[in-house]
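The values are calculated or read from the model by the stated rules, or taken from the named source; none is laboratory data. These numbers come from a predicted model, not from an experiment. Heads up, the Cβs are rebuilt from the backbone with ideal geometry, glycines too, and the neighbour counts pull from every protein chain shown.
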Amino acid sequence: MTPESLLEFQIEDLGSKRENFEVVEAKSTNELSDKTITTAVYAGDKDTSRFNYKFTIVEFAENPDVLAVTLQVAFPSEWEEKKPILTKITEDLQLATPPATETETPAATPETAPE
């Protein structure tokens, strides 16, 4: 599955579970030095409330085999206020460095040395 098709799948999946699902902001791509961020924003109704849904897929230059797929949600009335915060969160995503799996065995002390 390509990053593009994965993003489309996420959008279609949530859209099938919402009423009046429509594009708010068309898909756009932002190329940063360490990642590519592709985003689309939709609005939809869930029960009696309306929400904006920001779908994003992040491709990391350092490791193209790892993708981050995010879904951020805000009320339409708060969208302009929340959008820069949500964008900053996405732009700050980075690959985690897993902790080392091997640890050094400490040297034996007189108290722990075998007799």
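Numbers below:
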{"quantity": "Residues of segment 16-44 classified as closer than 21 Å to residue 64 by Cα and assigned to a strand (DSSP E or B), total", "calculated": "11"}
{"quantity": "Output for segment 90-102, where each listed residue is aliphatic (A, V, I, L, M) and surrounded by fewer than 13 Cβ atoms within 10 Å (Cβ to Cβ)", "calculated": "96, 100"}
{"quantity": "Residue check, residue 71 at pLDDT 95 or above, in a helix (DSSP H, G or I) and aliphatic (A, V, I, L, M)", "calculated": "no"}
{"quantity": "So residue 3, is it modelled with pLDDT under 95, under 16 Å from the mean Cα position of the chain (by Cα) and surrounded by 15 or more Cβ atoms within 10 Å (Cβ to Cβ)", "calculated": "yes"}
{"quantity": "Members of segment 22-50 that are crowded, with 17+ Cβ neighbours inside 10 Å and touching a Gly at 6+ places or on another chain (Cβ under 9 Å)", "calculated": "42, 44"}
{"quantity": "Residue that is nearest to residue 4 (Cα to Cα) [pool: residues in segment 68-79 that are in contact with a helix residue (DSSP H, G or I) (Cβ under 7 Å, 6 or more places away or on another chain) and surrounded by 16 or more Cβ atoms within 10 Å (Cβ to Cβ)]", "calculated": "70"}
{"quantity": "Any hit, segment 57-67, residues being loosely packed, with under 12 Cβ neighbours inside 10 Å and at pLDDT 95 or above", "calculated": "no"}
{"quantity": "Selection count where residues are in contact with a strand residue (DSSP E or B) (Cβ under 6 Å, 6 or more places away or on another chain) and either without any contact (Cβ under 8 Å) to a residue 12 or more places away in the chain or of a type in the set (Asp, Glu) (or both), scope segment 59-84", "calculated": "2"}
